[in-house]
Amino acid sequence: MANWLDKTVDFLYGEERTIKSPRFIKDFTRHSKQINDLETLAKQLVNGHKKNMILKDIAYLRKGLEGESNVYYELINSFLPILCLHDIRLEYKGYTAQFDFIIISDKFICVLETKQLNGNVMINADGSFVRIIQNKDGREIKREGMYSPITQNERHLNILKQIIQDKQLMNETLYLSFVVLANPKSILHKNKCPTEIKKKIIRHDQVISTLKYYQQNSAYHKLETYLFKTAYWLKNNDKQITYDYNAKYQLTDNDFIATATQARYLEGINKKGKKFVKVFGSNEQAEIIRQKYLDMGIGAERVNKDRYGKEEFYFYIAEDSSDSSYTVKKEIACTIEDAGSDSKKDRETLVKELKEYRLKKSREEGFAAYLIFNNAEMDALITNYPTNEEELLKVKGFGKKKSEKYGQDILRIFNR
């Protein structure tokens, strides 16, 4: 509750206090675009090291989001007269700062950096951070140093302070920064750490009491006009990063799952001298490849195998095959073209033009190229060969929104 001096200032400036409880100007959301993008990407990749890297990053991001959810719960139930912003990224004069939470009060501006750490954390007398890793039995198995989150948070706070001053959003106020340990199972050992560091690292269940202390004891008092002005400027200048996942994970076309019109297979002879084909892909792809042999008059007997819990797709080639041109080959790429009008462009031309268009649009919009349309969607376009909007909407991956945005350009590629 504002004291008599605060009330006097409000009265003199003719302002009525409206912020009486926590209000999120940029709300917390449990749906992360980055996680959604990575999950979509993982589904399109073949099993392997790169896919495992992405799945590991997804797990890490989910854990971080869980920690932020714990802090959000404390803030929204604090009953403090504060404005809050979640997940703000600012770029200023060549500097970049990412904030988990920014808290704006008439008494202070506070930055909260959330850490969802595994294991316990110890802070030494020199201010160094050490993470203690334990096994399931609680026995210590490893200690490792970690970059000081206090230093990182202070650097971000200084950038925020500079922005507020340069943009004249608010005059002098109390600036605070805290690192919040959001994992309730983690134990923080800070008995030996310097006092200035000890005050700046707290557990998530200490957020309310810490903010309440400064709300009651800070000598500053700011008009709500400046609080809202600052909060909305930060929200409007939030610049969320666009990731180039192809570059980050060094993805190539070979890392993506082939579609029904493009599959990889292996021709060979087993130990009994029987010719076989193994398809690397789905059941649907195996059938398409098998049909290709049948169309050439080559008998193809379907045999599926379950190896180490994973289904593999095989078929055997009949010994009495009349195809004298058949030879045993190593792994090759097979593309099944749709037999159609001679006026249609060939696959190679379409792939080139579609990739050029995709790259151009991705640079214009600042998105990764696969977000315009990925390789699987490109193959679906080539297979269906749409020449009008109705046909385009039937192509998998091209709903109304994507078709409205890119449809006319794509149709021009198929019609010219």
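All of the numbers you see were taken from the coordinates with simple rules; none came from a lab. It should be emphasised that the depicted structure is a prediction, and the values quoted were computed from it without experimental measurement. A quick note on method: Cβ atoms are made from the backbone with ideal geometry, for glycine too, and the neighbour counts reach across all protein chains shown.
In nm, what is the difference between 0.36 nm times the number of residues separating D346 and N246 and their Cα-Cα distance? Could you put the intermediate results ahead of the total?
Values: separation 100, 0.36 × 100 = 36.00 nm, distance 2.65 nm.
Full-extension gain reported as 33.3 nm.
Could you list which residues have their amide H under 5 Å from that of L117, counting only those 5 or more apart in sequence or on another chain, with H placed in the peptide plane?
Amide H neighbours of L117, under 5 Å, 5+ apart: A182, N183.
What is the dipole size for the range 347-415, taken about its Cα centre, with +1 at each Lys and Arg Cβ and -1 at each Asp and Glu Cβ, in debye to the nearest 20? All intermediate terms of the calculation are to be shown ahead of the outcome.
Numbers: 14 positive and 12 negative charges, 36 e Å.
The dipole of the range 347-415 has a size of about 180 debye.
Can you compute 3J(HN,Hα) from phi for each residue in the range 153-162, using the Karplus curve 6.51 cos²θ - 1.76 cosθ + 1.60 with θ = phi - 60°, rounded to whole Hz and x for Gly and Pro?
Karplus values, whole Hz, x for Gly and Pro: 5, 5, 5, 5, 5, 5, 5, 4, 4, 5.
Report Rg(Cα)/(2.2 N^0.38 Å) for the range 4-248, keeping two decimals. The partial results should precede the final answer.
Working: Rg = 19.9 Å, N = 245, 2.2 N^0.38 = 17.8 Å.
Against the compact-globule rule of thumb, the ratio is 1.12.
Given labels modelled 7 Å from the Cα in the Cβ direction, how far is it in nm from K198 to L174?
2.0 nm
In the structure displayed, which of K63/K198; K51/K272; K63/K248; K115/K161; K212/K235 lie more than 30 Å apart, Cα to Cα? Don't skip to the end; give the middle numbers.
On the way: K63/K198 25 Å; K51/K272 36 Å; K63/K248 21 Å; K115/K161 22 Å; K212/K235 24 Å.
Long pairs (Cα-Cα over 30 Å): K51/K272.
If you place +1 on the Cβ of every Lys and Arg and -1 on the Cβ of every Asp and Glu, how big does the dipole about the Cα centre of the range 98-213 come out, in debye to the nearest 20?
On the way: 18 positive and 12 negative charges, 82 e Å.
Dipole of the range 98-213, to the nearest 20 debye: 400 debye.
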